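Enquirer: Have a look at the structure that comes next, please.
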Amino acid sequence: MSTEPNQDSTQFLNASIAYRHVRGEGPTVLWLGGFKSDMTGSKAEALAQTARAEGWDFLRFDYAAHGESPGRWEEARVGQWRQNVLDVVDHLTAGPLLIISSSMGGWMASLLMRDRPERVKAAVFIAPAPDFATELMLPSLSPEDRRSLEVSGFFHLRGYDYDVPMSQAFFDEARDHRVLDQPLAFDGPVRILHGLADEVVPWPHGLRLAQHLSSKDVTLELIKGGDHRLSGPADLRRLVDTVRALRPLAKP
């Protein structure tokens, strides 16, 4: 395993959270990935490459039961992922944070703004999905899946490498971590990127987040033809440019 400071090979926090860290100048750019995603996705890799080239401090990790982090999916909960974020922030970072989040990561970012308001200085949201479990996933269930959830306590979510078991316990616990049920206090600059063709998290959900944030410096950029991933070459350039522009604003 390489020990060069900017070769961010996988390490583990408390043997339970896999992470990679490009060490450089602050603020720390913290990547919060999406549901069933991992820290080696194209957006995180694009940021890591830029961090190595330009000397940023960049940290990414996998939630429990995601990527290289251990855990049983059936036991994973929103509260556990929230704690993963706090453990990473409290034990692996110091100073100001510029948080970059994708999809479910937007929920984690919103929770982090509440949990560590003194640390978060700026944020970029990509197709943010705060409260997705109860606001997006449950309402979109087919009659068959809804019946399965009612009768057996779970259903299988399709569209991934394998059908993902989703339990009633997951949804019940997720309600304890809602962020869109009240204003979200945050005064730093926020940039939201959302595709108009996003069928997973429709763009009005990103607008809803923008309206809940107390900051006066919130910009929502809608990308015509953009899907949920926003991982094409132009999308990645836009993301990197957005983060690059925000870094000076996130310094103390």
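The values are calculated or read from the model by the stated rules, or taken from the named source; none is laboratory data. No experiment lies behind these values; they were computed from the predicted model shown. Cβ coordinates were reconstructed from backbone atoms using ideal geometry, including for glycine residues, and neighbour counts include every protein chain displayed. Side chains included, ligands, DNA and RNA excluded: accessible areas come from the protein's heavy atoms. Shrake-Rupley method; radii C 1.70, N 1.55, O 1.52, S 1.80 Å.
Enquirer: Which of the GluC sites (Glu not before Pro) found in segment 104-194 are loop residues per DSSP with 16 or fewer other Cβ atoms within 10 Å of their Cβ? Each step should come with its number before you reach the end.
Expert: Values: sites: 118, 135, 144, 150, 173; in loops: 118.
Qualifying residues, ordered by number: 118.
Enquirer: Then there is this: Sort 206-215, 232-241 by packing, meaning the average of other beta carbons within 10 Å per residue, with the highest value first.
Expert: Numbers: 206-215: 17.5, 232-241: 15.1.
My ranking of the peptides, most packed first, is 206-215, 232-241.
Enquirer: Before anything else, pin down the relative contact order of segment 100-252: Cα pairs under 8 Å, at least 6 apart, normalised by residue count, whole percent. List each step's numbers first, then the result.
Expert: Values: 239 pairs, mean separation 39.2, N = 153.
Relative contact order comes out at 26 percent.
Enquirer: Just need the relative contact order of segment 105-168 here, percent rounded to a whole number, with Cα pairs under 8 Å and 6+ apart. Mind showing how you got there, number by number?
Expert: Working: 44 pairs, mean separation 14.6, N = 64.
After rounding, I find 23 percent.
Enquirer: Then there's this: Send over a whole-number figure in Å² for the accessible area per residue of segment 131-252, probe 1.4 Å. Walk me through the numbers before you get to the answer.
Expert: Details: 6760 Å² over 122 residues.
Per residue, segment 131-252 has an accessible area of 55 Å².
Enquirer: For segment 155-252, list log₁₀ I(q)/I(0) at each q in 0.16, 0.17, 0.23 Å⁻¹, using the Debye formula over Cα point scatterers of equal strength and ignoring solvent, two decimals each.
Expert: -0.93, -1.01, -1.20
Enquirer: Hey, another quick one. Roughly how many Å is it from the Cα centre of segment 225-241 to that of segment 7-60, as a whole number?
Expert: Value for the Cα centre distance between the two parts: 18 Å.
Enquirer: Please express the shape of the chain as an equivalent ellipsoid: the semi-axes are the square roots of 5 times the eigenvalues of the C-alpha gyration tensor, given largest first in whole angstrom. Each step should come with its number before you reach the end.
Expert: Numbers: eigenvalues 155, 90, 60 Å².
Taking √(5λ) for each Cα gyration eigenvalue gives 28, 21, 17 Å.
Enquirer: Please work out whether segment 16-63 counts as rounded, prolate or oblate from its C-alpha gyration tensor, where a ≥ b ≥ c are the square roots of the eigenvalues and a/c under 1.5 means rounded, while otherwise a/b larger than b/c means prolate and anything else oblate?
Expert: Working: a/c = 2.40, a/b = 1.62, b/c = 1.48.
It is prolate, given that a/c is not under 1.5 and a/b is the larger ratio.
Enquirer: Run the dipole for the chain about the Cα centre, Lys and Arg Cβ at +1, Asp and Glu Cβ at -1, nothing else charged, and hand back the magnitude in debye, nearest 20. Please report the intermediate quantities before stating the final value.
Expert: On the way: 28 positive and 34 negative charges, 138 e Å.
I would put it at about 660 debye.
Enquirer: Same structure again: For residue 9 paired with residue 227, estimate the spin-label separation in nm (one decimal), with each label point 7 Å from Cα along the Cα-to-Cβ line.
Expert: Simple spin-label model gives 3.4 nm for this pair.
Enquirer: Which of rounded, prolate, oblate describes segment 156-210, given a ≥ b ≥ c as roots of the alpha-carbon gyration tensor eigenvalues and a/c under 1.5 marking rounded, otherwise prolate only if a/b is larger than b/c? The partial results should precede the final answer.
Expert: Working: a/c = 2.98, a/b = 1.37, b/c = 2.16.
Since a/c reaches 1.5 but b/c is at least a/b, the shape of segment 156-210 is classed as oblate.
Enquirer: Please report the relative contact order for segment 1-117, taking Cα pairs under 8 Å with a sequence separation of at least 6, and give it as a percent rounded to a whole number.
Expert: 31
Enquirer: Using a 1.4 angstrom probe on the protein heavy atoms only, could you order 244, 119 from most to least accessible area? Walk me through the intermediate numbers first.
Expert: Details: 244 90, 119 35 Å².
Descending order: 244, 119.
Enquirer: If you count only protein heavy atoms and use a 1.4 Å probe, how large is the accessible surface of residue 50, to the nearest 10 Å²?
Expert: Counting only protein heavy atoms, residue 50 exposes about 20 Å² to solvent.
Enquirer: At 1.4 Å probe size, what's the solvent-accessible area of residue 36? Round to the nearest 10 Å².
Expert: 50
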